Amino acid sequence: MKYELLFALANKGILLSTSFFIILILIVGIGFSQIGESSEKTLLAIIWIAISLSSLLSIKTMFQEDFDDGTLDLYILSNTSIETIIFIKSIVHWITTNLPIIILIPLISFPLGITIYHSILICFVMLLSTPALSFISTIGAALTLGEKGGNLLISIFILPTFLPIIIFGMKISLLITNSTYDIMAHLILFALSLICIAITPFITSLIIKIHYT
Amino acid sequence: MLDFGKYTFEILISYVGTFSLVAIVIVSTYLDARKVKRDLKNLNIDNLNDK
Amino acid sequence: MIKFRKNIWEFANPNNFLSIANKIIPFFLILTIITLSLGLVWGLFFTPEDYRQGSSVKIIFIHVPTAFLAINIYFMMLLASIIWLIRRHHVSLIAAKSAALIGLIMTLSAMLTGAIWGKPIWGTYWAWDPRLTSFAILLMFYLGYLSIWQTMKFSDKIGDLSSWLCIVGSIFALLSRYAVFFWNQGLHQGPSLSLDKEENIDNAFYFPLIICIIGFVLLFLTLLLIRIKTEIQKRKINILLNARDG
């Protein structure tokens, strides 16, 4: 895991995904400011969409490099379970793409009009839910393994599957900005996220094995 | 004959719309089937010629 | 006509399937035309107007069958995909593939007729009502399933991948559907736009509606059989071409 993390850090994936996120937020913010309707609610929606898009950004390279240079073959031939490897890879992916963005959110949303208290609470919600996004997108990476132009395909397959989490996340964020709390919704979101984390490594490993039969 | 009172336009447009959508599938299915049939025939003739 | 076979899996042999399909396709075609025209003509010309909705209620005769099919075709694809993964019958995989386009069209037409119907009754073409949202979700998963077949060439590997996509897609479609329902029923008291479709329906509408549903199901089956047949023949051609060209 340490090796994976170091490798990902060396690839400068962090810089790419965070700058993508910042640019997306700023562009949409500037666009909305022309209509003059930039409210807290629209900003929340933009943040959720931006975070789901940027978690898809670097997913393509997750298995592709290992697939190309044969590391994945070795993993499959050796006794280490692929599920564990997928699990580690997804965690690393989450640390390198989503975590920096979540840390950035209070900084970027404060000048744009969300109060700092609310944005910290929203960060907490995102901490609960975004690991699931990373885990789900491994399914897409596994499905398009070996395809040349897989990036577009991944977003077609994977963005719809983000829906449950985005629905819950947005609703909870809306409740937060209305200063109402719903512990039930938090729990369900967390449960959903945990279920995704528990199940997706197995599905992904099954799909990866298809490429080797 | 085709006059359903207040909502004639809506009814007609929904019937026509649905059936034009369904017609896309029907036509594409039909064209596909025809093409495949022809290909299969040509292929069989080719095979006979080869022999 | 059709002899009942001992074992349903005999359909899985492409040649058996082709011979049976060739026998029943014309029969199904005639039946489809009869039921569909009967149901639609009955629905269009010989039903009374609803006291609340006026004549716009006649849209029900295509809206409900297409919506019914849109959901059930996805279930059928899921079933076929699982059968393919477990028992490796090619006809099952081809059936899932062929059904996808018909399902997409059914979803689109259900949404279209719903929108046209919604305008005079609810005052809006589209609202984010749970039912409508779940159709939007369904549409996305149909598009995803179709795009995997569009981009890659037919092979067993792609069959596996698309089957897994179908399974994963249906899990998440269900999850999103319940996520949407959760907020609108449990916590958030939203305006309920959906009509109770089957419950308060009058007999005058009930029988033509049932005939229309049967007609649309038959239409789907006929199209599906023809598409499966075409697909099997396409694969045959490919094999022949490969054999000839070496």
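To keep it simple, each residue is scored yes or no on (1) more than 9 Å from chain C (Cβ to nearest Cβ); (2) of a type in the set (Phe, Trp, Tyr); (3) in contact with a Ser or Thr (Cβ under 7 Å, 6 or more places away or on another chain).
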{"position": "A:Ile88", "(1), (2), (3)": "yes, no, no"}
{"position": "A:Pro100", "(1), (2), (3)": "yes, no, yes"}
{"position": "A:Thr115", "(1), (2), (3)": "yes, no, no"}
{"position": "A:Ile120", "(1), (2), (3)": "yes, no, no"}
{"position": "A:Met126", "(1), (2), (3)": "yes, no, no"}
{"position": "A:Leu143", "(1), (2), (3)": "no, no, no"}
{"position": "A:Gly146", "(1), (2), (3)": "yes, no, no"}
{"position": "A:Ser155", "(1), (2), (3)": "yes, no, no"}
{"position": "A:Pro164", "(1), (2), (3)": "no, no, yes"}
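Those helices (runs of 4 or more DSSP H) of the stretch C:68-183 in which at least 1 residues are within 14 Å of chain A (Cβ to nearest Cβ), over 26 Å from C:Ile213 (Cβ atoms) and at pLDDT below 85, considering only elements entirely within it, cover C:130-151, C:156-181. In summary, A:Leu152 fulfils each of the numbered conditions (1) closer than 13 Å to A:Ile59 by Cβ; (2) of a type outside the set (Lys, Arg); (3) modelled with pLDDT of 85 or more with the single exception of condition (3). The residue list A:Phe168, A:Phe190 contains one member that is surrounded by fewer than 18 Cβ atoms within 10 Å (Cβ to Cβ), modelled with pLDDT of 85 or more and more than 20 Å from A:Thr18 (Cα to Cα), which is A:Phe190.
Of all residues in the stretch A:167-210, those satisfying the criterion of being closer than 19 Å to A:Ala50 by Cβ and at the interface with chain C (Cβ under 9 Å from one of its Cβ atoms) are A:Ile167, A:Phe168, A:Lys171. Of all residue pairs spaced 6 or more apart or on separate chains, those with beta-carbon atoms under 7 Å, a first member in the stretch C:189-218 that is at pLDDT below 65 and a second member that is open to solvent by 90 Å² or more (accessible area, probe 1.4 Å) are C:Ser194/C:Arg131.
The values are calculated or read from the model by the stated rules, or taken from the named source; none is laboratory data. Here the structure is a predicted model, which is why all the values come from computation and not from measurement. We place every Cβ from the backbone using ideal geometry, glycine too, and count neighbours over all the protein chains shown. Heads up: the accessible areas ignore ligands, DNA and RNA and are worked out on the full protein's heavy atoms, side chains in. Shrake-Rupley method; radii C 1.70, N 1.55, O 1.52, S 1.80 Å.
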